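Read the structure below first, then the notes.
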Amino acid sequence: MTRRFAPGSIEAADLLSGHVEGNFSRVLTRLLAAHAMAEKLTAMGYQRALDSVTRPELCTIIRKNLAEEHKHARLIYAALADLGVSEAQADRSLVSALKGPSFAAPRHFAEHSAGELDLVMATVSLDVTGLIMIGVNYKESSYAPHARAAELILAEEEEHELFASNVLRDAAEHLGAEPVNAGLREWLPRAVNFFGPPGSGFTFDCITYGLKARDNSELAELYLTLLQRRVQQAGLDMPRLTQDYPHALA
Ligand SMILES: [Fe+2]
Ligand SMILES: [Fe+2]
């Protein structure tokens with residue numbers, strides 16, 4: 001697969017003036033819609049966490065992350081608006097995707113999570129994965145507005161990832177290894193599936209257009225390697241997963 005557009009080489013005006021083939025806009029719009037939705041659902045999850053977690057030292061960081069996830073969602077929806085796509089239109093384009101395995105983790109955080117253990121698992125599942133997606137794929141996007149937004153988001157997601165590894169270690173100490181291991185077994189398949197299916201036609205288009213750098217399966221592997229280290233450092237057990245997408249417990 002070769003990329004046809006260099007990092008940061010396309011601006012909104014290039015798309016609006018019709019200088020780039022129409023399929024580029026369609027693929028980009030879908031990618032941005034999915035990115036915006038993931039940020040929005042993560043913000044909703046942090047809002048739920050704020051309502052259900054009581055330890056003050058955690059609440060301070062939850063408030064910070066919540067404000068930042070809102071900002072990330074706003075940035076990406078603003079990029080969509082520049083292409084003439086409203087938030088409602090973007091969200092509507094994802095109706096069926098939202099029911100699939102790639103959105104199970106952010107949806108679970110937004111709709112069902114409650115309490116400290118879910119917060120810990122969600123941040124390990126969403127902030128660490130988000131950091132990889134944005135750092136590896138979007139930072140070098142051929143679409144300059146997405147690359148610029150990714151740069152801003154990345155600095156904050158690096159802090160979220162640090163928070164994730166700290167709370168994972170704390171949870172193992174506070175709550176004991178058993179419930180945290182159970183949480184990992186519940187959340188890890190969802191977290192890995194967040195990257196999406198391997199080798200899809202959509203990702204092929206994204207890579208060809210320079211909107212992504214790597215296939216979903218490569219990112220998923222990167223995530224598992226990183227997480228395995230964190231899990232071992234916290235004295236926890238890394239769950240074993242099935243090979244094929246959507247991944248489940250082995
Ligand atoms: Fe974010
Ligand atoms: Fe985050």
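Please treat every number below as a calculation from the coordinates, not as lab data. Being a predicted model, the structure only gives us computed values, none of them experimental. In this analysis, Cβ positions are derived from the backbone assuming ideal geometry, glycine residues included, and neighbour counts consider all displayed protein chains.
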- Task: Give the residue from P7, A73, A97 lying farthest towards the positive end of the charge dipole for the chain; charges sit on Cβ (+1 for Lys and Arg, -1 for Asp and Glu) and the dipole is referred to the Cα centre.
- Result: A97
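For region 1-142, calculate the relative contact order in percent as a whole number, restricting contacts to Cα pairs under 8 Å that are 6 or more residues apart.
Working: 122 pairs, mean separation 50.1, N = 142.
Once normalised by length, the contact order is 35 percent.
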- Item | Ranked K40, K139, criterion: other C-beta atoms within 10 Å, fewest first | K139, K40
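Would you mind ranking M238, M44 so that the residue whose beta carbon has the fewest other beta carbons within 10 Å leads the list?
Working: M238 16, M44 20.
Final ranking by Cβ density, sparse to dense: M238, M44.
Rounding to the nearest 20 debye, state how big the charge dipole of the chain is about its Cα centre with +1 on each Lys and Arg Cβ and -1 on each Asp and Glu Cβ. List each step's numbers first, then the result.
Details: 24 positive and 32 negative charges, 85 e Å.
It works out to roughly 400 debye.
Taking only C-alpha pairs under 8 Å that are 6+ residues apart, what is the relative contact order of the chain in percent?
Values: 353 pairs, mean separation 63.1, N = 250.
Relative contact order of the chain: 25 percent.
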- Query: Counting Lys and Arg as +1 and Asp and Glu as -1, what is the net charge of the other residues whose Cβ lies under 13 Å from the Cβ of Q228?
  - Reply: +1
- Item | Cβ-placed point charges (K, R +1; D, E -1), dipole of region 7-112 about Cα centre in debye, nearest 20 | 360
- Task: Any chance you could tell me what percent of the C-alpha pair distances in the chain go past 31 Å?
- Result: 21
- Task: Among P197, I132, L154, flag the residue with its Cα farthest along the positive direction of the charge dipole of region 102-250, charges on Cβ as +1 for Lys/Arg and -1 for Asp/Glu.
- Result: P197
- Query: Local charge sum around E21 (other residues, Cβ-Cβ under 12 Å, Lys/Arg +1, Asp/Glu -1)?
  - Reply: 0
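Only counting other Cβ atoms within 10 Å, I'd like C59, C206 sorted with the fewest neighbours first.
Values: C59 13, C206 25.
Sorted ascending by nearby Cβ count, the order is C59, C206.
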